[in-house]
Amino acid sequence: AYLIKVCGINPHRIMAVTFTNKAAREMQERLEQLLGQQIEALTLGTFHAICSRTLRREGKAIGINSRFVIYDEEDQLNLIKQSLQEINLDPKQYAPRALHSAISAAKSRLSNSQDYAHQVHSYFEEIVSRIYHLYQQLLTQSEALDFDDLLMKAVQLFKEHPEILSRYQSRYVHILVDEFQDTNIAQYVLVKQLAGKYHNICVVGDPDQSIYSWRFADLRNILSFEKDYPEAKVVFLEQNYRSTKTILQVASD
(Lines give C-alpha, C1' and ligand atoms only; values in the text may rest on other atoms or scores of the structure.)
Protein backbone atom coordinates (compact mmCIF):
# COMPACT_ATOMS: atom_id res chain seq x y z
CA ALA A 1 0.00 0.00 0.00
CA TYR A 2 2.89 2.34 0.78
CA LEU A 3 4.58 1.56 -2.55
CA ILE A 4 1.38 2.31 -4.45
CA LYS A 5 0.05 5.31 -2.51
CA VAL A 6 3.27 7.08 -1.56
CA CYS A 7 5.89 5.88 -4.05
CA GLY A 8 3.54 5.84 -7.03
CA ILE A 9 4.33 2.28 -8.08
CA ASN A 10 1.81 0.74 -10.46
CA PRO A 11 0.11 -2.16 -8.59
CA HIS A 12 0.53 -4.26 -11.77
CA ARG A 13 4.28 -4.22 -11.06
CA ILE A 14 4.04 -5.69 -7.55
CA MET A 15 3.96 -9.34 -6.41
CA ALA A 16 3.04 -10.10 -2.79
CA VAL A 17 3.45 -13.72 -1.72
CA THR A 18 2.75 -15.62 1.45
CA PHE A 19 2.67 -19.23 2.56
CA THR A 20 -0.88 -20.25 3.50
CA ASN A 21 -4.31 -19.61 2.04
CA LYS A 22 -5.43 -18.09 5.35
CA ALA A 23 -2.55 -15.59 5.37
CA ALA A 24 -3.21 -14.72 1.72
CA ARG A 25 -6.88 -14.02 2.50
CA GLU A 26 -5.90 -11.79 5.42
CA MET A 27 -3.45 -9.89 3.20
CA GLN A 28 -6.17 -9.38 0.61
CA GLU A 29 -8.74 -8.18 3.15
CA ARG A 30 -6.31 -5.64 4.65
CA LEU A 31 -5.21 -4.36 1.27
CA GLU A 32 -8.79 -3.98 0.07
CA GLN A 33 -9.41 -1.63 2.98
CA LEU A 34 -6.28 0.37 2.12
CA LEU A 35 -6.40 0.34 -1.67
CA GLY A 36 -9.93 -0.41 -2.83
CA GLN A 37 -10.15 -1.42 -6.50
CA GLN A 38 -6.42 -0.96 -7.06
CA ILE A 39 -5.91 -4.34 -5.43
CA GLU A 40 -7.23 -6.02 -8.60
CA ALA A 41 -4.01 -5.20 -10.46
CA LEU A 42 -1.78 -6.76 -7.77
CA THR A 43 -0.35 -10.26 -8.02
CA LEU A 44 -1.21 -11.50 -4.54
CA GLY A 45 -1.52 -15.01 -3.14
CA THR A 46 0.29 -18.14 -2.07
CA PHE A 47 3.30 -19.49 -3.94
CA HIS A 48 1.21 -22.38 -5.21
CA ALA A 49 -1.66 -20.22 -6.47
CA ILE A 50 0.66 -17.83 -8.30
CA CYS A 51 2.64 -20.69 -9.85
CA SER A 52 -0.59 -22.40 -10.92
CA ARG A 53 -1.74 -19.27 -12.76
CA THR A 54 1.67 -18.88 -14.38
CA LEU A 55 1.73 -22.48 -15.59
CA ARG A 56 -1.76 -22.24 -17.05
CA ARG A 57 -0.56 -19.27 -19.11
CA GLU A 58 2.96 -20.39 -19.98
CA GLY A 59 3.21 -24.12 -19.22
CA LYS A 60 2.78 -25.15 -22.86
CA ALA A 61 6.45 -24.23 -23.34
CA ILE A 62 7.44 -27.24 -21.18
CA GLY A 63 4.65 -29.56 -22.34
CA ILE A 64 2.00 -28.76 -19.71
CA ASN A 65 -1.61 -28.60 -20.84
CA SER A 66 -3.22 -25.32 -19.71
CA ARG A 67 -6.17 -27.36 -18.41
CA PHE A 68 -4.03 -29.49 -16.09
CA VAL A 69 -5.68 -30.93 -12.99
CA ILE A 70 -4.18 -30.34 -9.55
CA TYR A 71 -4.15 -33.57 -7.53
CA ASP A 72 -4.80 -33.31 -3.81
CA GLU A 73 -3.19 -35.52 -1.18
CA GLU A 74 -5.74 -38.32 -1.56
CA ASP A 75 -5.24 -38.39 -5.34
CA GLN A 76 -1.48 -38.46 -4.85
CA LEU A 77 -1.63 -41.37 -2.40
CA ASN A 78 -3.82 -43.32 -4.82
CA LEU A 79 -1.17 -42.86 -7.51
CA ILE A 80 1.51 -44.05 -5.08
CA LYS A 81 -0.55 -47.19 -4.37
CA GLN A 82 -1.07 -47.73 -8.10
CA SER A 83 2.68 -47.42 -8.64
CA LEU A 84 3.32 -50.00 -5.92
CA GLN A 85 0.91 -52.40 -7.60
CA GLU A 86 2.66 -51.98 -10.94
CA ILE A 87 5.94 -53.30 -9.50
CA ASN A 88 4.23 -55.86 -7.23
CA LEU A 89 5.13 -54.25 -3.89
CA ASP A 90 2.90 -54.54 -0.83
CA PRO A 91 1.48 -51.19 0.44
CA LYS A 92 1.52 -52.68 3.94
CA GLN A 93 5.28 -53.16 3.72
CA TYR A 94 6.01 -49.88 1.94
CA ALA A 95 3.80 -47.20 3.45
CA PRO A 96 2.39 -44.95 0.71
CA ARG A 97 2.56 -41.90 3.00
CA ALA A 98 6.26 -42.43 3.68
CA LEU A 99 6.96 -42.83 -0.03
CA HIS A 100 4.90 -39.75 -0.83
CA SER A 101 6.75 -37.73 1.83
CA ALA A 102 10.11 -38.75 0.36
CA ILE A 103 8.99 -37.76 -3.15
CA SER A 104 7.63 -34.45 -1.87
CA ALA A 105 10.91 -33.75 -0.08
CA ALA A 106 12.83 -34.44 -3.30
CA LYS A 107 10.59 -32.07 -5.28
CA SER A 108 10.99 -29.35 -2.63
CA ARG A 109 14.74 -29.59 -3.35
CA LEU A 110 14.02 -29.40 -7.12
CA SER A 111 15.18 -32.99 -7.58
CA ASN A 112 13.21 -34.73 -10.35
CA SER A 113 12.95 -38.52 -10.67
CA GLN A 114 16.09 -38.74 -12.83
CA ASP A 115 18.08 -36.60 -10.37
CA TYR A 116 16.81 -38.65 -7.46
CA ALA A 117 17.85 -41.92 -9.13
CA HIS A 118 21.48 -40.72 -9.11
CA GLN A 119 21.36 -39.92 -5.39
CA VAL A 120 20.19 -43.27 -4.03
CA HIS A 121 22.12 -44.48 -0.96
CA SER A 122 19.80 -47.04 0.67
CA TYR A 123 17.29 -49.75 -0.13
CA PHE A 124 14.39 -47.48 0.88
CA GLU A 125 15.66 -44.75 -1.44
CA GLU A 126 15.90 -47.32 -4.23
CA ILE A 127 12.20 -48.11 -3.72
CA VAL A 128 11.37 -44.38 -3.58
CA SER A 129 13.25 -43.86 -6.84
CA ARG A 130 11.28 -46.56 -8.65
CA ILE A 131 7.95 -45.30 -7.27
CA TYR A 132 8.85 -41.67 -8.03
CA HIS A 133 9.48 -42.55 -11.68
CA LEU A 134 6.16 -44.40 -12.04
CA TYR A 135 4.24 -41.82 -10.02
CA GLN A 136 5.44 -39.01 -12.27
CA GLN A 137 4.54 -41.00 -15.38
CA LEU A 138 1.00 -41.51 -14.06
CA LEU A 139 0.67 -37.79 -13.30
CA THR A 140 1.77 -36.95 -16.83
CA GLN A 141 -0.65 -39.46 -18.36
CA SER A 142 -3.49 -37.87 -16.38
CA GLU A 143 -2.38 -34.35 -17.37
CA ALA A 144 -2.12 -33.62 -13.66
CA LEU A 145 0.30 -31.85 -11.33
CA ASP A 146 0.66 -32.29 -7.60
CA PHE A 147 1.26 -29.34 -5.27
CA ASP A 148 5.03 -29.73 -5.37
CA ASP A 149 4.97 -29.79 -9.18
CA LEU A 150 3.41 -26.33 -9.21
CA LEU A 151 6.62 -24.93 -7.73
CA MET A 152 9.11 -27.24 -9.41
CA LYS A 153 7.60 -26.85 -12.89
CA ALA A 154 7.49 -23.05 -12.54
CA VAL A 155 11.21 -23.04 -11.70
CA GLN A 156 11.84 -25.39 -14.64
CA LEU A 157 9.83 -23.13 -16.97
CA PHE A 158 11.84 -20.06 -16.05
CA LYS A 159 15.15 -21.94 -16.19
CA GLU A 160 14.54 -23.48 -19.62
CA HIS A 161 12.88 -20.42 -21.17
CA PRO A 162 14.79 -17.29 -20.22
CA GLU A 163 12.66 -15.22 -22.59
CA ILE A 164 9.57 -16.04 -20.50
CA LEU A 165 11.46 -15.36 -17.27
CA SER A 166 12.61 -12.02 -18.68
CA ARG A 167 9.00 -10.93 -19.21
CA TYR A 168 8.08 -11.72 -15.63
CA GLN A 169 11.27 -10.14 -14.26
CA SER A 170 10.50 -6.95 -16.18
CA ARG A 171 6.93 -6.86 -14.93
CA TYR A 172 7.61 -7.32 -11.22
CA VAL A 173 9.59 -4.33 -10.02
CA HIS A 174 8.84 -5.18 -6.38
CA ILE A 175 8.50 -8.63 -4.83
CA LEU A 176 7.35 -8.97 -1.22
CA VAL A 177 7.41 -12.28 0.66
CA ASP A 178 5.81 -12.87 4.06
CA GLU A 179 6.66 -15.72 6.49
CA PHE A 180 9.97 -16.15 4.71
CA GLN A 181 11.28 -18.61 7.30
CA ASP A 182 8.74 -21.14 6.01
CA THR A 183 9.93 -21.18 2.39
CA ASN A 184 11.55 -24.29 0.94
CA ILE A 185 14.37 -24.43 -1.60
CA ALA A 186 12.02 -24.44 -4.61
CA GLN A 187 10.25 -21.31 -3.35
CA TYR A 188 13.54 -19.57 -2.63
CA VAL A 189 14.91 -20.31 -6.10
CA LEU A 190 11.65 -19.10 -7.65
CA VAL A 191 11.88 -15.78 -5.80
CA LYS A 192 15.52 -15.38 -6.83
CA GLN A 193 14.58 -15.99 -10.46
CA LEU A 194 11.79 -13.41 -10.43
CA ALA A 195 13.84 -10.80 -8.56
CA GLY A 196 16.82 -11.28 -10.86
CA LYS A 197 16.41 -7.99 -12.74
CA TYR A 198 15.54 -5.31 -10.19
CA HIS A 199 16.60 -6.98 -6.91
CA ASN A 200 13.75 -5.10 -5.20
CA ILE A 201 12.89 -7.92 -2.85
CA CYS A 202 11.48 -7.46 0.63
CA VAL A 203 11.08 -10.47 2.92
CA VAL A 204 9.59 -10.65 6.40
CA GLY A 205 10.42 -13.55 8.64
CA ASP A 206 11.73 -14.81 11.95
CA PRO A 207 14.06 -17.83 12.13
CA ASP A 208 12.68 -18.54 15.61
CA GLN A 209 9.16 -18.96 14.23
CA SER A 210 9.81 -21.61 11.60
CA ILE A 211 7.02 -24.19 11.97
CA TYR A 212 7.00 -25.91 8.58
CA SER A 213 10.18 -28.01 8.64
CA TRP A 214 7.86 -31.02 8.34
CA ARG A 215 6.81 -29.53 5.00
CA PHE A 216 10.48 -29.09 4.05
CA ALA A 217 10.81 -25.42 4.90
CA ASP A 218 14.53 -24.66 4.83
CA LEU A 219 15.70 -22.26 7.55
CA ARG A 220 18.90 -21.64 5.58
CA ASN A 221 16.88 -19.46 3.20
CA ILE A 222 16.36 -16.71 5.75
CA LEU A 223 19.77 -17.21 7.35
CA SER A 224 21.57 -16.85 3.99
CA PHE A 225 19.44 -13.99 2.68
CA GLU A 226 21.99 -11.31 3.56
CA LYS A 227 24.71 -13.27 1.77
CA ASP A 228 22.62 -13.64 -1.38
CA TYR A 229 21.51 -10.00 -1.22
CA PRO A 230 24.46 -8.12 0.31
CA GLU A 231 22.85 -4.76 -0.52
CA ALA A 232 19.76 -5.61 1.54
CA LYS A 233 18.81 -3.39 4.45
CA VAL A 234 17.95 -5.38 7.57
CA VAL A 235 15.32 -3.98 9.92
CA PHE A 236 14.94 -5.72 13.28
CA LEU A 237 11.38 -5.68 14.63
CA GLU A 238 12.28 -6.00 18.28
CA GLN A 239 9.02 -4.89 19.86
CA ASN A 240 6.51 -7.67 20.28
CA TYR A 241 2.83 -6.76 20.49
CA ARG A 242 1.47 -10.31 20.67
CA SER A 243 3.13 -11.79 23.72
CA THR A 244 3.15 -10.89 27.41
CA LYS A 245 6.33 -9.80 29.16
CA THR A 246 6.58 -13.20 30.91
CA ILE A 247 6.51 -15.08 27.59
CA LEU A 248 9.13 -12.78 26.08
CA GLN A 249 11.46 -13.25 29.07
CA VAL A 250 11.19 -17.04 28.82
CA ALA A 251 11.77 -16.92 25.03
CA SER A 252 14.89 -14.79 25.48
CA ASP A 253 16.50 -17.08 28.13
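The values are calculated or read from the model by the stated rules, or taken from the named source; none is laboratory data. Everything numeric here is computed off the predicted structure, so don't read it as measured data. Glycine gets a Cβ as well: all are built from the backbone with ideal geometry, and neighbour counts include every protein chain shown. Note: areas computed on protein heavy atoms with side chains; ligands, DNA, RNA excluded. Shrake-Rupley method; radii C 1.70, N 1.55, O 1.52, S 1.80 Å.
Structure values in brief
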read-out	value
[x] 62, 49, 33; [y] 52, 46, 32; [z] 53, 39, 34, with the label sought being that of the calculated Cα extents along the principal axes in Å	[x]
Euclidean distance of C-alpha centroids, segment 135-208 and segment 8-33, integer Å	17 Å
Solvent-accessible area, 1.4 Å probe, carbon plus sulfur percent, for the chain	50 percent
Solvent exposure of the chain as accessible area per residue, Å², 1.4 Å probe	59 Å²
Rounded to the nearest 20 debye, dipole of the chain from Cβ charges on Lys, Arg, Asp, Glu	660 debye
Choice from K192, K153, K227 showing the highest fluctuation, given a GNM over the chain with Cα pairs closer than 10 Å	K227
Most fluctuating residue given options R109, R242, R167, as computed from a GNM of the chain linking Cα atoms under 10 Å	R242
Principal-axis tilt of helix 185-194 within the chain, Cα atoms, nearest 10 degrees	50 degrees
Reachable lysines from K245, criterion Cα separation under 22 angstrom, eight or more residues apart if same chain	none
Mean separation of Cα contacts under 8 Å (6+ apart) over length of the chain, as relative contact order %	20 percent
Candidate lysines - alpha carbon under 28 Å from K192, same-chain residues fewer than 8 apart omitted	K5, K22, K60, K107, K153, K159, K227, K233
Whole-Å semi-axes of segment 1-97's equivalent ellipsoid (Cα gyration tensor)	40, 17, 9
Value of [θ]222 nm, deg cm²/dmol, for the chain, DSSP H segments ≥ 4, -39500 (n - 2.57) each, nearest 500	-15500 deg cm²/dmol
Most mobile of D182, D146, D115 in a GNM of the chain (Cα contacts under 10 Å)	D115
